[in-house]
Amino acid sequence: MNIHEYQAKELLAKFGVAVPAGYPALSVEQAIAAAGKLPGPLYVVKAQIHAGGRGKGKFKELGPDAKGGVRLSKTLNEVRANASDMLGNILVTVQTGEAGKQVNRLYITDGADIAKEYYLSMLVDRATGRIAMIVSTEGGMDIEEVAHSTPEKIQTIVIDPAEGFQPHHGRAVAYALKLSGDTNKQAQKVAAQLYQAFVATDMAMLEINPLIETTAGDIQVLDAKVSFDSNALFRHPDIAALRDESEEDSAEVEASKYDLAYIKLDGDIGCMVNGAGLAMATMDIINLNGMFPANFLDVGGGASKEKVTAAFKIILADPGVKGILVNIFGGIMKCDTIAEGVVAAAREVNQQVPLVVRLEGTNVDQGKAILAGSGLAIVPADDLGDAAQKIVAEVQKVA
Ligand code: ADP
Ligand code: MG
């Protein structure tokens, strides 16, 4: 689960991390009121979307010469102009894809006097089973380019979770950033605070870009991107409450309500499968037969009729779906339950696209009988290969 920059900064501040003052705003009036609470003389109006690259982003509606999603503003009038430019408009960045994201929220924050921009991120490194802290002296909006052309300017410090963050880790971070004196000490401290925040809240990823040194020699976090391990959210209700569903794919939000593992993809064949392994095999075999899956969907082991119906509706709500392949191995979940769910859902949504169903396992004969007796245009299949060939043939027949 991702959160907004302003939420991430409020969270990090609780761990002692130095961030510039700021307030979120949902309207131009709120933006001006927020700026009024800041000391000035420089205010920054920042678009809050779940994507980076905002500074270099472009607003779809504003033409190529307009500024991006992070704007320095010297007066309250400039805050007003920048806020009204951004709110409600679509921001396209390297991370949003071409469709962009609508800006519904702003963050109005203190302008910092930047002497230098650094980079610091953390993630769980699965290869080493440790937490990696990745730092660079070349922070700011071109970090991707730095990683590409001068990878030696990016250094990784790994921390064994059993040992925890030790003073030598902090020294390694500050040394990699080539800092000295008090600024060096501050960098050690912020690295330790970020580590504590990362572990205490079960983050999966934390990216501070830029981490800055101000002209006064202070270390501050100027941008923060955080994502949490969704499997650990149950123990952080305060963090779960920060979720902004309007930033997520609506079908994926709907699927999560029914505890369905659904990921939207770009192909033509909707898939409803139980078990992640079988779901992947189903996607592969569709591919092998020359078409692409429209989604990954694992209905889980003990799906009910209601869950199957919900899954069916989510698949069909995708206008890209030209055919559906249901591939269920009945174990705990019985084939007749699946068949009832499929028939009920197909009737309810007035399903028009070709539908191939492959059932195997517990109560398979009852399941097949329910499908055959439904009077619906359901094509039965005997095995995985047969099912994939049939759905591809059916879709091509229609096209
Ligand atoms: P993004 O990474 O989405 O482009 P950032 O928050 O990193 O957004 O902002 C982009 C750039 O804007 C930063 O690298 C920094 O130079 C500048 N910037 C961001 N926040 C401030 C601020 N509070 N004061 C001064 N400059 C800022
Ligand atoms: Mg940034």
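The values are calculated or read from the model by the stated rules, or taken from the named source; none is laboratory data. No experiment lies behind these values; they were computed from the predicted model shown. Note: ideal-geometry Cβ built from the backbone for every residue, glycine included; neighbour counts use all protein chains shown. Protein only, heavy atoms only, side chains kept; ligands, DNA and RNA dropped before computing areas. Shrake-Rupley method; radii C 1.70, N 1.55, O 1.52, S 1.80 Å.
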Practice item. Determine how large the accessible area of V199 is when every protein chain is in place; take a 1.4 Å probe and give Å² rounded to the nearest 10. Key: 70 Å²
Study note, to complete from the structure: What one gets for segment 327-399 as the Kirkwood radius, inverse of mean 1/r over different Cα pairs in Å, is 12.4 Å
Review point. So, with +1 on the Cβ of K and R and -1 on the Cβ of D and E, and no other charges, what is the size of the charge dipole of segment 63-210 about its Cα centre, to the nearest 20 debye?
Key: 320 debye
Practice item. Hey, can you find the accessible area per residue of the chain for me, probe 1.4 Å, expressed in square angstrom? Key: 46 Å²
Check your understanding: Hey, if you put +1 on the Cβ of every Lys and Arg and -1 on every Asp and Glu Cβ in the chain, which of L359, V135, T109 ends up farthest toward the positive end of that dipole?
Key -> T109
Study note, to complete from the structure: About its Cα centre, the chain carries a charge dipole, from +1 on Lys and Arg Cβ atoms and -1 on Asp and Glu Cβ atoms, whose size in debye to the nearest 20 is 600 debye
Review point. Going by alpha carbons, how many degrees (0 to 90, nearest 10) lie between the helix axis of 384-398 and the longest principal axis of the chain?
Key: 90 degrees
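Given Cα positions, please report Rg to Rh for segment 21-110, the hydrodynamic radius being the Kirkwood one.
0.95
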**Study point:** Values of log10 I(q)/I(0), in the order q = 0.17, 0.21, 0.24 Å⁻¹, for segment 219-309 under a Debye, Cα-only, solvent-free model
**Key:** -0.86, -1.11, -1.24
Revision key, fill the gap. Surpassing 29 Å at the alpha-carbon level, of the pairs K305/K390; K322/K368; K101/K322; K58/K313; K60/K264, are K58/K313
Review point. When the dipole is taken about the Cα centre of segment 221-285, and only Lys, Arg (+1) and Asp, Glu (-1) are charged at their Cβ, what size is it in debye, to the nearest 20?
Key: 260 debye
Check your understanding: Quick one: what does P(r) look like for the chain with 10 Å bins over all Cα pairs, in whole %?
Key -> 5, 19, 23, 20, 17, 12, 4, 0, 0
**Study point:** Carbon + sulfur, % of accessible area of segment 273-331 - ligands and nucleic acids excluded, 1.4 Å
**Key:** 65 percent
Exercise for review: For segment 136-215, would you read off the P(r) tail past 18 Å as a percentage of all alpha carbon pairs?
Suggested key: 45 percent
Study note, to complete from the structure: Karplus ³J(HN,Hα) for segment 281-292 (6.51 cos²θ - 1.76 cosθ + 1.60, θ = phi - 60°; Hz, whole; x = Gly/Pro) runs 4, 5, 4, 4, 6, 5, 4, 4, 8, x, 10, 10
Exercise for review: Mind jotting down the distance between the C-alpha centroids of segment 233-301 and segment 150-217, whole Å?
Suggested key: 35 Å
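Run through segment 35-100 and list the trypsin sites (Lys or Arg not before Pro) located in a DSSP loop whose Cβ has at most 14 other Cβ atoms within 10 Å.
Those satisfying the criteria are K56, K74.
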Review point. Angle between the Cα long axis of helix 28-37 and the longest principal axis of the chain, 0 to 90 degrees, nearest 10?
Key: 40 degrees
Review point. So what does the Cα-only Debye profile of segment 59-147 read at q = 0.11 Å⁻¹, as log10 I(q)/I(0), no solvent term?
Key: -0.48
